[in-house]
Amino acid sequence: MNSDIDSQPRAIAHQKTPRNWHQIFRKLTPYGFLSPYLIIYGVFGIFPVLFMIYLSFHLWNPVEGLGSMKFVGFENYILGLTDPTLWQTIWNTLVMAVLSGVPQHLVALPLAYFLVMMGSKARHWFTTAYFLPYITSTVAVSMIFYVMYSKDSGIINAALAFLADASWSSWIFGGLKEVLPLGWVQENGLIRYSVSFVVWWKYVGFNTVIYTAGLATINPDLYEAAKIDGASSWQRFRHISLPLLRPFIFFGVTLTIIGNMNLFDEPYVLTVGGQFAQTAGKTISNYLYQVAWEWLDMGSAAAISWILFVVIGIFTAIYFWFFGRKGLGGE
Amino acid sequence: MKTQLKAGVVALSLVAASTFAADIRIDGFPDYDTQIDAIKGGLPEHNITMLKNNHGDHHNKLKTNLATGTGAGDVVLIDVGFVGSFVNAGGFVDLTQFYQGMAADYADYAVEAGKGNNGAQYAVPVDLGPGVMYFRRDYMEDMGYNLDTVMSGWDSYIDYGRQLKKDGILLIGNASAVANAYYRFNVGEGEGLYFDGDGKSLVTSDRFVKAFELAKTIRAEGLDGNISEWTEDWYAGFREGKFATQMSGAWLLGHLKNWIAPDTSGLWGVSDLPAGIYGTWGGSYLAIPKQAKDPSASWDLIKYMISKDIQLTGFENIAAFPAHTGTYKNSIFDEPIEFLRGQKARLMFANIAKNITPVTPMKGDLVAEDLINTALDKVLNDNVDIKKALKDAEKQIRRRVR
């Protein structure tokens, strides 16, 4: 054993330099192939993270150039953590995350089940249709919703006004007459629902696809066996599909938590860059953008993003703690 | 030998020519895009292009450009609200040398505001924003109201709104404009909008309390539409005559006439603000980023844009009120304006411009403006007590303006 190891360096030492170069070259080749990714990831992935750590301890107005950075220690963090707006925006983010996230999964799961039951032909068509919102530009989608939500010219208020007036529906919608037209994106009381609906609409298809894929992995024999044993359709869903889908649910919900805590585009567009309903409609990402690019305080913004990072970390950790092991299929 | 000489001469002349002719891009926001053709014609030696973005995006882009040191135009248009944050930023060319002989021709207070802390001129005023109130004549004299009575004070102004409400007409699109007008136009000598001369916050002063109270009354009585300004609903409001008045800088006329509501020509008039206060609302500056390829060529463009003639053209085309005080004696000031049913409004603008109390742009203006707007939003929409909202805002301003 030992002699083996000893003999190796000697063997290399005997080799001539060209062979040596050749070997080094051969060893480095894979890294050469990897380098486009490594460089891009280094520049756009790792460097910004490190720079942001550095930045969060400085006071920096970007407009004044890199030379104007001033070290302030933990001031940015203290300022952030004692900032009532920050806590308000964290709360707003949480509420919208729940309002849009929970219904996403509650709808996507049964929907996927029905799609799979419908057979593959119909399933492909419908999955594509449900998936379309996900691949559409968020900004474009939000702008269209903004127009639909418009107070005076929006189709939603127009429809509600029609329903409130029509004889066959006025018994249920008539009460709305007093408050119409509703400021869907203007009012603090409504903005969270308006934003959450857009987020729900956009991502429900994505989750449906995850669940359809998950359901497709379940062996049909199990269903058949259950059927023979006399299990009803609900029992088959509850006792076969649901337990076997756990890893997929876990995956989908984790993505939803991370995505929703980072919510930016939808509220930004719907509130016209933060003009309306700022008390209830501003998410932590919106706030951090405002601090960075409207107040030109990059240091504070960096500190806030680290705070956001910790918040997301905590929520994901809690979720992992409760559902992690089961979710990943272990006991 | 001969060919070499020829080539040399050609090369030399090319070098010489390039110091004269340049590609100049001006980055700006509406309504200056309407004005750019008039400017192009007067400077045929340069190739001038304009990159237009809406007001907010333009300034965001400029911030990114300054931060990264790349991508800014050769000349940039800057709204006065951003000047306080930008003049000391170090990203702009010192224009003192260029501007020296001409500065006296422009409104003093505006020239002062374009200077950095070191006294160097980094931005030069191109248009001013005399604060006025636009009103619908069909809801005023045509309905039997007397303008002078309505505008005699804020109470009578709000009373007018109560009368209009009976006919289903709103007084104003958004009550926040009234608050804005009040605190913008009652600034004391030597003060900034939100800070005194020493940089101490003024936002809990009576000026803001009273401003918020006025807006609150209007909102509480349902005299405004809670329509956010510069949105599609707001434009539609102008087009459809939903509201009777709008406070703004004189420059709103250009927007109304050119793109917001051209079909409402003849239905509008303009007046001094209630209680006869004078003040400035907006105004733009020109500056040259240090990134500019050829600052002297950029200056050619600025010099042309602030020259008497083109200032007057801009005034005619887009109601950009000239910063050049020498223009005020020109005969176009006596011309009636068709959009305002023949009113000789320009004389009024000039009168306001002469009476303006200068407002000093300050470093914390952007933060304070944001926080005051948030506070106003809370007062108007969430029924937060005025004094509490302002106190909270002040606390935040003190923390954030470092």
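The values are calculated or read from the model by the stated rules, or taken from the named source; none is laboratory data. Just so we're clear, the structure is a prediction, and the values are computed from it rather than from any experiment. Neighbour counts run over all protein chains shown; Cβ positions are idealised from the backbone, glycine included.
Listed here are the residues, each with its yes/no results for (1) among the hydroxyl-bearing types (Ser, Thr, Tyr); (2) under 27 Å from residue B:367 (Cα atoms); (3) away from every other protein chain (no Cβ under 14 Å); (4) within 21 Å of the chain's Cα centre (by Cα).
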| position | (1), (2), (3), (4) |
| --- | --- |
| B:43 | no, no, yes, no |
| B:50 | no, no, yes, yes |
| B:61 | no, yes, no, yes |
| B:68 | yes, yes, no, no |
| B:79 | no, yes, no, yes |
| B:83 | no, yes, no, yes |
| B:102 | no, no, yes, no |
| B:105 | no, no, yes, yes |
Self-check item: Residue list for region B:224-264, filter: assigned to a loop (DSSP other than H, G, I, E, B) and charged (D, E, K, R)
Solution: B:229, B:242
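Being of a type outside the set (Phe, Trp, Tyr), within 12 Å of another protein chain (Cβ to nearest Cβ) and outside any helix (DSSP H, G or I) is the filter; apply it to region B:85-100 and report the residue that is nearest to residue B:113 (Cα to Cα). Walk me through how you get there before you give the answer.
Within region B:85-100, the first condition is being of a type outside the set (Phe, Trp, Tyr), and the residues that meet it are B:85, B:87-91, B:93-97, B:100.
Checking the rest, the ones that are also within 12 Å of another protein chain (Cβ to nearest Cβ) come to B:85, B:87-91.
Subsequent filtering for residues that are outside any helix (DSSP H, G or I) retains B:87-91.
On the way: B:87: 9, B:88: 11, B:89: 14, B:90: 16, B:91: 17 Å.
Taking the candidates together, the pick is B:87.
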Exercise. Would you mind finding the one in A:147, A:141, A:98 that is surrounded by fewer than 16 Cβ atoms within 10 Å (Cβ to Cβ), away from chain B (no Cβ under 13 Å) and among the hydrophobic types (A, V, I, L, M, F, W, C)?
Key: A:98
Quiz item: So which pairs qualify, if the first residue must be in region B:328-356 and within 25 Å of residue B:244 (Cβ to Cβ), the second must be part of a strand (DSSP E or B) and of a type in the set (Phe, Trp, Tyr), the Cβ gap must be under 6 Å, and the two must be at least 6 apart or on different chains?
Solution: B:340/B:268; B:349/B:321
Exercise. Output yes when any residue across region A:146-162 is part of a helix (DSSP H, G or I) and within 23 Å of the chain's Cα centre (by Cα), and no when none is.
Key: yes
Exercise. Only one of these is surrounded by fewer than 21 Cβ atoms within 10 Å (Cβ to Cβ), among the β-branched types (Val, Ile, Thr) and in a helix (DSSP H, G or I): B:64, B:49. Name it.
Key: B:64
Quiz prompt | When residues of region B:275-310 are limited to those that are more than 20 Å from the chain's Cα centre (by Cα) and outside the structural domain of residue B:100 (by TED's automatic domain parsing), the one surrounded by the most Cβ atoms within 10 Å (Cβ to Cβ) | solution = B:275
Quiz item: Can we say residue A:284 is under 30 Å from residue B:384 (Cα atoms) and surrounded by 16 or more Cβ atoms within 10 Å (Cβ to Cβ)?
Solution: yes
Quiz item: Tell me, which helices (runs of 4 or more DSSP H) lie completely within region A:183-300 with 2 or more residues that are in the same structural domain as residue A:80 (by TED's automatic domain parsing) and farther than 20 Å from residue A:95 by Cα?
Solution: A:191-216, A:220-228, A:233-236, A:242-261
Quiz item: Do any helices (runs of 4 or more DSSP H) entirely within region A:38-132 hold 2 or more residues that are in contact with a Ser or Thr (Cβ under 8 Å, 6 or more places away or on another chain), and if so, which?
Solution: A:75-81, A:84-117
Self-check item: Per-region count, region B:325-381, residues among the basic types (Lys, Arg) and touching a Ser or Thr at 6+ places or on another chain (Cβ under 9 Å)
Solution: 4
Quiz item: Taking the stated definitions as given, is residue B:315 touching a helix residue (DSSP H, G or I) at 6+ places or on another chain (Cβ under 8 Å) and touching a residue at least 12 places away in the same chain (Cβ under 8 Å)?
Solution: yes
Quiz item: If you check residue A:302 against the conditions, is it touching a residue at least 60 places away in the same chain (Cβ under 8 Å), within 9 Å of chain B (Cβ to nearest Cβ) and buried (at least 20 other Cβ atoms within 10 Å of the Cβ)?
Solution: no
Practice problem: Would you confirm whether any residue within region B:338-350 is modelled with pLDDT under 90, in contact with an Asp or Glu (Cβ under 7 Å, 6 or more places away or on another chain) and either closer than 26 Å to residue B:181 by Cβ or surrounded by fewer than 20 Cβ atoms within 10 Å (Cβ to Cβ) (or both)? | Solution: no
Quiz prompt | Number of the condition not met by residue A:237 [criteria: (1) modelled with pLDDT of 90 or more; (2) among the aromatic types (Phe, Trp, Tyr); (3) over 30 Å from residue A:152 (Cα atoms)] | solution = (1)
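Yes or no, residue by residue, for (1) within 30 Å of residue B:257 (Cβ to Cβ); (2) out of contact with any strand residue (DSSP E or B) (no Cβ under 9 Å at 6 or more places or on another chain):
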position: B:34; (1), (2): yes, yes
position: B:43; (1), (2): yes, no
position: B:47; (1), (2): yes, no
position: B:51; (1), (2): yes, no
position: B:74; (1), (2): yes, no
position: B:90; (1), (2): no, yes
position: B:95; (1), (2): no, no
Quiz item: Among helices (runs of 4 or more DSSP H) lying entirely in region B:320-402, which contain 3 or more residues that are within 14 Å of chain A (Cβ to nearest Cβ) and among the polar types (S, T, N, Q)?
Solution: B:365-382
Exercise. With respect to residue A:263, determine if the residue is away from chain B (no Cβ under 14 Å), modelled with pLDDT of 90 or more and surrounded by 14 or more Cβ atoms within 10 Å (Cβ to Cβ).
Key: yes
Quiz item: For region A:183-203, how many residues meet the condition of being within 14 Å of chain B (Cβ to nearest Cβ), surrounded by 24 or more Cβ atoms within 10 Å (Cβ to Cβ) and of a type outside the set (S, T, N, Q)?
Solution: 4
Quiz item: How many residues does region A:151-175 contain that are within 13 Å of chain B (Cβ to nearest Cβ) and in contact (Cβ under 8 Å) with a residue 24 or more places away in the chain?
Solution: 4
Self-check item: Given (1) in contact with a Lys or Arg (Cβ under 9 Å, 6 or more places away or on another chain); (2) of a type in the set (D, E, K, R); (3) within 14 Å of another protein chain (Cβ to nearest Cβ), index of the condition residue A:178 fails
Solution: (1)
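Which residues, counting only those in region B:220-234, are at negative phi and modelled with pLDDT under 90? Steps first, please.
Of the residues in region B:220-234, the ones at negative phi are B:220-221, B:223-225, B:227-229, B:231-234.
Result: B:225, B:227, B:228, B:229, B:231, B:232, B:233.
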Quiz item: Any residue in region B:129-142 that is under 21 Å from the mean Cα position of the chain (by Cα) and of a type in the set (Val, Ile, Thr)?
Solution: yes
Quiz item: Take the residues of region A:210-220 that are in contact (Cβ under 8 Å) with a residue 40 or more places away in the chain and over 16 Å from the mean Cα position of the chain (by Cα): which is surrounded by the fewest Cβ atoms within 10 Å (Cβ to Cβ)?
Solution: A:216
Quiz item: Between a first residue in region A:55-83 that is without any contact (Cβ under 8 Å) to a residue 60 or more places away in the chain and a second residue that is aliphatic (A, V, I, L, M), which pairs have beta carbons less than 7 Å apart while being 6 or more apart in sequence or on different chains?
Solution: A:64/B:89; A:70/A:59
